[in-house]
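Just so it is clear, none of the values below were taken in a lab; they were calculated from the coordinates. In this text, all values refer to a predicted model and were calculated from it rather than measured experimentally. Counting neighbours? That spans all protein chains shown, and the Cβs are built from the backbone with ideal geometry, glycine included.
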Amino acid sequence: MNKKILFALIVVGLLAVSAVSAQNSLLSNNNDDSMYQVSLMQAFMHGEYDGVITVGDFKSHGDIGLGTFEGVNGEMIVLDGVVYQAAADGSINVMSDDEKIPFGTITNFDEDAKIDNITAKDFDDLTSKLDNEIAKYGTNNMYIIKIKGDFSKITVRSVEKQEKPYKEFTEVAAVDQKVFNHTEQTGTIVAVYFPDYMNELNMHGWHLHFLSDDKTKGGHVLNLTDFNGSGQVDEIHEFNMILPTDDSFAKMNFTEDMTNKINSVE
Ligand SMILES: [Zn+2]
């Protein structure tokens with residue numbers, strides 16, 4: 001056999017083998033496919049609300065994500081590299097680079113798969129459809145799904161900025177949570193998914209924050225009605241976490257099982 005033809009056959013064979021081994025994963029080629037997290041859910045639930053890094057530093061780790069600001073000063077939505085605050089008074093503000101973040105998650109978005117049509121009658125319907133989607137690729141990966149479309153109604157919450165000494169988050173959510181019902185909205189949900197084995201490092205399952213297209217409404221999604229739209233899926237295989245450096249975190253008691261408390265504020 002001609003040496004060139006033999007070489008070509010070997011190359012084709014190797015490509016076929018690599019294609020087979022990758023068939024069940026969305027595996028993007030993006031080298032920066034990493035989830036970057038500030039602090040951990042358990043510490044946040046216990047009232048660890050002091051800023052760990054600045055908005056400017058946080059943005060250097062991605063362009064899409066969610067979280068909150070120092071003192072739980074509203075809900076954070078990061079979209080297209082802009083860090084928005086859904087404040088407790090219902091306003092949406094672009095946060096400056098020197099604001100601080102006690103808890104948040106961000107990644108560089110790259111589209112690994114599309115969901116062309118999603119319709120959902122309510123929150124549970126939407127998350128179960130997202131569950132079905134990621135089940136194709138594996139529920140032990142992390143995901144961020146950017147969901148765009150129309151909502152006949154969306155219910156979001158924000159939280160009043162806390163003063164020290166900080167209360168536990170279940171108490172904050174019970175006392176200082178502001179709930180807003182918006183009808184006929186067009187916008188984006190940033191949906192973050194962590195696998196069950198990461199429970200207490202973050203919220204396991206889905207965590208959804210909303211921002212309207214006109215950038216006037218948003219927050220942590222509590223419910224929705226009649227959604228119609230589409231989605232883009234980013235599958236993530238790497239996790240980086242930075243810890244608070246203060247004494248209150250270093251000496252915090254983590255023996256309590258926080259699962260029920262975390263579920264109660266989702
Ligand atoms: Zn939230």
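Inter-label distance, ASP116 to VAL179: 3.8 nm, where each label sits 7 Å from its Cα along the C-beta direction. Taken about its Cα centre, the chain carries a charge dipole of roughly 720 debye when the Cβ of each Lys and Arg holds +1 and the Cβ of each Asp and Glu holds -1.
What pairs in LYS129/LYS164; LYS164/LYS215; LYS129/LYS215; LYS121/LYS164 have C-alpha atoms more than 29 Å from each other? Table pairs above 29 Å Cα-Cα are LYS129/LYS164; LYS164/LYS215; LYS121/LYS164. Helix 123-135 axis versus longest C-alpha principal axis of the chain: approximately 30°, rounded to the nearest ten.
If the chain linking ASP257 and GLU163 were pulled fully straight, counting 0.36 nm for each residue of separation and taking away their Cα-Cα distance, it would gain 31.3 nm. With helices as the sole contributors, the chain gives -6000 deg cm²/dmol at 222 nm; each DSSP H run of n ≥ 4 counts as -39500 (n - 2.57), and the sum is divided by every residue.
Given R0 = 25 Å, the distance between the Cβ atoms of ASP80 and ASP124 translates into a calculated FRET efficiency of 0.35. In this simple spin-label model, placing a label point 7 Å from the Cα along the Cα-to-Cβ direction at both LEU243 and ASN132 gives a separation of 4.2 nm. Contact order for the chain, expressed relative to its length and based on alpha carbon pairs under 8 Å spaced 6+ residues apart, stands at 26 percent.
Extension gain for LYS153 to ALA250 (0.36 nm times residue separation, less C-alpha to C-alpha distance): 30.7 nm. Ordered by the count of other Cβ atoms within 10 Å of each Cβ, fewest first, VAL190, VAL179 give VAL179, VAL190.
For the pair SER230 and ASP196, a Förster radius of 45 Å applied to the C-beta separation gives a FRET efficiency near 0.95, rounded to the nearest 0.05. Helix 3-21 axis versus longest C-alpha principal axis of the chain: approximately 30°, rounded to the nearest ten.
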